[in-house]
Amino acid sequence: MTAPRRPAPSQRRLQRPPDLTGPRLSRFREVFLRHGLPVLAVGALLLLGPEQRMLLWSHLQPALRDPLAYGFAAACVLAGCCALSGWLDRGVDVSRLGWIVYLLALSIWEEWVFRLATPHWLESIHGSREAAILATNLVFGALHWFTLRWRLRWCVLAFLGGMAFSQQMATGDFTRVVLTHWALTFLNTPRPPGGRRRVG
């Protein structure tokens, strides 16, 4: 009988002890099903509306006008993540590279849902951009409490980070915000759930 996998240091640092929301998340599948998949589903639904697709298209224009610069920036973020992962774990294997790519995908969908599509939709209903931004980032922070089981201080930091990303998004540059989100998310969680430092 094998011993249960011990959560990665970042997961122990971020997650609360077991409570009504369940035990610690120690596998990628658990993180994906509880957090990644719901965000992906909501993001896909929000893309069904033609107005929302036009909104995204307009925010992609800076990257489309200068693809080499943005491609270089993305390559730099990827290289930095791989270098740090290699330094932490004495090498980058497929699971580590997969985690880095997953964090990119998650950054894209979270920025689309919480900093662009939902605030725009709420603003169109209530007319207040500030209230829409505040509401969506409160949901963003709370989501980390329930799905990823983060400790309260990390959920508060997720809310504050979301507010900062919302201010960045006001420039109309979706890609730049995604790249920033990707880099910071990797620095906060450089290892996948259950990942451990290699020895030997």
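Structural remarks
- Among (1) modelled with pLDDT under 95; (2) in contact with a strand residue (DSSP E or B) (Cβ under 9 Å, 6 or more places away or on another chain); (3) not basic (K, R) - the single one W150 does not satisfy: (1)
- Cβ pairs under 6 Å, 6+ apart, first in the stretch 15-27 and aliphatic (A, V, I, L, M), second surrounded by 17 or more Cβ atoms within 10 Å (Cβ to Cβ) and modelled with pLDDT under 95: L25/P193
- Enumeration of residues in the stretch 85-97 that are closer than 15 Å to A183 by Cα and either open to solvent by less than 50 Å² (accessible area, probe 1.4 Å) or polar (S, T, N, Q) (or both): S85, R96
- Among residues of the stretch 111-139, those that are of a type in the set (S, T, N, Q), within 16 Å of R53 (Cα to Cα) and touching a residue at least 24 places away in the same chain (Cβ under 8 Å), counted: 1
- Only helices (runs of 4 or more DSSP H) whose full extent lies in the stretch 114-184 are considered here, and the ones with at least 1 residues that are under 30 Å from P17 (Cβ atoms) and open to solvent by less than 80 Å² (accessible area, probe 1.4 Å) are 129-146, 152-169.
- Top-ranked residue in the stretch 185-196 [being in a loop (DSSP other than H, G, I, E, B) and at negative phi; ranked as surrounded by the fewest Cβ atoms within 10 Å (Cβ to Cβ)]: R196
- Among the residues of the stretch 153-169, the one identified as of a type in the set (A, V, I, L, M) and in contact (Cβ under 8 Å) with a residue 40 or more places away in the chain is M169.
The values are calculated or read from the model by the stated rules, or taken from the named source; none is laboratory data. Not measured: the values here are computed from a predicted model. Note that each Cβ is placed from the backbone with ideal geometry, even for glycine, and that neighbours are counted across all protein chains shown. Heads up: the accessible areas ignore ligands, DNA and RNA and are worked out on the full protein's heavy atoms, side chains in. Shrake-Rupley method; radii C 1.70, N 1.55, O 1.52, S 1.80 Å.
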